[in-house]
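Enquirer: First the structure, which I've put down as structure tokens, then a few questions once you've had a look.
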Amino acid sequence: MSDTNMPYVPPAWAFEFHGHRCPFMPLGYRMGLLALEKLGVAREKDHALHVICELGEGHPQTCMMDGIQVATGATFGKTLMEKTFWGKLAATFWYPGKTPVRYVLKPDFLDRFGAFEFFQYRKQGVEPSAIPEAVTQEVIDWTLSLPDDAIYSVSERPDFQYQPPKGSFNRSICSVCGESVFERYVRMKDGKPVCIPCSGYKA
Ligand SMILES: [Zn+2]
Ligand SMILES: [Zn+2]
């Protein structure tokens, strides 16, 4: 493992949080750190940074998003992360007053990455926690040995438009189920406030 890339080794708690050891979470972690540095901002404590991930579901490497959350503090729970469902290994990092930046994994990196033994196990349906640790570590170490520009392409996106939703503390009671529902999601049915499931309307 190259000492120069040691800052990109995720902390142990990141693997704990993620649940298994794999090479994807660390790639997201590194992407997140690079994006913070490029934007010139610190790890997000509150609600400024937003990350728009281009990943989808049912394909490899969605684990990257856990690494991005760990590195940036832009978590799903703080509603700072969203997905476009485009099935691309890319993310745009948006911060108020800064030029947004987009990171994407390079195709030739992915080709070399995919040749590691780790992927033979995955393609046979072996879950990452069941893959021999040395096999997983081999591919993690390989990624850490590479310079940033062997893995990621980065671009500035001055035209990227993003508007975080405006927050509101207002709440109503659904006239059908009696449960609380935040204002933005209240629908009217027969002149009465209802929640979306009780409304019969699509979200
Ligand atoms: Zn994973
Ligand atoms: Zn209801």
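The values are calculated or read from the model by the stated rules, or taken from the named source; none is laboratory data. These figures come from a predicted structure and were not determined experimentally. Cβ: placed from backbone, ideal geometry, glycine included. Neighbour counts: every protein chain shown. Surface accessibility is based on the protein's heavy atoms, side chains included, excluding ligands, DNA and RNA. Shrake-Rupley method; radii C 1.70, N 1.55, O 1.52, S 1.80 Å.
Enquirer: Under a straight-distance cross-link criterion of Cα-Cα below 19 Å, which aspartates and glutamates are reachable from K78, leaving out those fewer than 8 residues away in the same chain?
Expert: Hits, sequence-local ones excluded: E44, D46, E54, D66, E183.
Enquirer: How much solvent-accessible surface does K78 expose, in Å² to the nearest 10, with a 1.4 Å probe and all protein chains in place?
Expert: Surface open to solvent at K78 totals about 50 Å².
Enquirer: Tell me the mean residue ellipticity at 222 nm calculated for the chain from its helices only (DSSP H runs of n ≥ 4, each -39500 (n - 2.57), averaged over every residue, nearest 500).
Expert: On the way: 8 runs with 67 residues, N = 203.
Mean residue ellipticity, 222 nm, calculated: -9000 deg cm²/dmol.
Enquirer: On the protein heavy atoms, probe 1.4 angstrom, tell me the percent of accessible surface of the chain carried by carbon and sulfur. It would help to have the intermediate numbers written out before the result.
Expert: Numbers: 6050 of 11480 Å².
Taking all protein chains in place, the chain shows 53 percent carbon and sulfur surface.
Enquirer: Here's another thing I want to ask about it. Would the stretch 1-52 count as rounded, prolate or oblate if I go by the C-alpha gyration tensor, calling it rounded below 1.5 in a/c and otherwise prolate when a/b exceeds b/c, oblate otherwise? Write down the numbers at each step before the final one.
Expert: Working: a/c = 2.17, a/b = 1.35, b/c = 1.61.
Oblate is the answer for the stretch 1-52, as a/c is 1.5 or above yet b/c matches or exceeds a/b.
Enquirer: Using 1/(1 + (r/R0)^6) with R0 = 22 angstrom and r between the beta carbons of S153 and A130, what's the FRET efficiency to the nearest 0.05?
Expert: Details: r = 33 Å, r/R0 = 1.49.
Efficiency, rounded to the nearest 0.05: 0.10.
Enquirer: Follow-up. Any aspartates and glutamates with Cα under 19 Å of the K189 Cα? List them, leaving off those in the same chain fewer than 8 positions away.
Expert: E179
Enquirer: Name all residues of the stretch 139-171 having a backbone nitrogen under 11 Å from the label point set 7 Å from the Cα of A115 along its Cα→Cβ direction, giving them as ranges.
Expert: none
Enquirer: Put +1 on the Cβ of each Lys and Arg and -1 on the Cβ of each Asp and Glu in the chain; which of A90, A48, V186 then has its Cα farthest toward the positive end of the dipole?
Expert: Positive-most Cα among the choices belongs to V186.
Enquirer: Between the stretch 112-131 and the stretch 49-70, how many Å separate their Cα centres?
Expert: The stretch 112-131 and the stretch 49-70 have Cα centres spaced 19 Å from each other.
Enquirer: Using a 1.4 Å probe on the protein heavy atoms only, what accessible surface does T79 show? Give it in Å² to the nearest 10.
Expert: T79 exposes around 100 Å² with every protein chain in place.
Enquirer: Sticking with this structure for a sec: Let me see the pair-distance distribution of the stretch 70-203: every alpha carbon pair, 10 Å bin width, integer percents in order.
Expert: Taking all Cα pairs of the stretch 70-203, the binned fractions are 9, 23, 25, 19, 17, 7, 0 percent.
Enquirer: Quick one: if you stick a label point 7 Å off each Cα along the C-beta vector at E16 and C177, how many nm between them?
Expert: Rounded to a tenth, the inter-label distance reads 3.5 nm.
Enquirer: Expressed in nm to one decimal, what extension gain is obtained for the pair F76 and R122 from 0.36 nm per residue of sequence separation less their Cα-Cα distance?
Expert: Details: separation 46, 0.36 × 46 = 16.56 nm, distance 2.61 nm.
Length difference between fully extended and current span is 14.0 nm.
Enquirer: Then there is this: Checking the a/c ratio against 1.5 first, then a/b against b/c, what shape does the Cα gyration tensor give for the stretch 10-123? Mind showing how you got there, number by number?
Expert: Working: a/c = 1.86, a/b = 1.53, b/c = 1.22.
Prolate, since a/c reaches 1.5 and a/b exceeds b/c.
Enquirer: Could I ask something else about it? Please list, or write none, the lysines whose alpha carbon is within less than 28 Å of the alpha carbon of K83, excluding same-chain residues fewer than 8 places away.
Expert: Here the lysines satisfying the reach criterion relative to K83 are K38, K45, K98, K106, K123, K166, K202.
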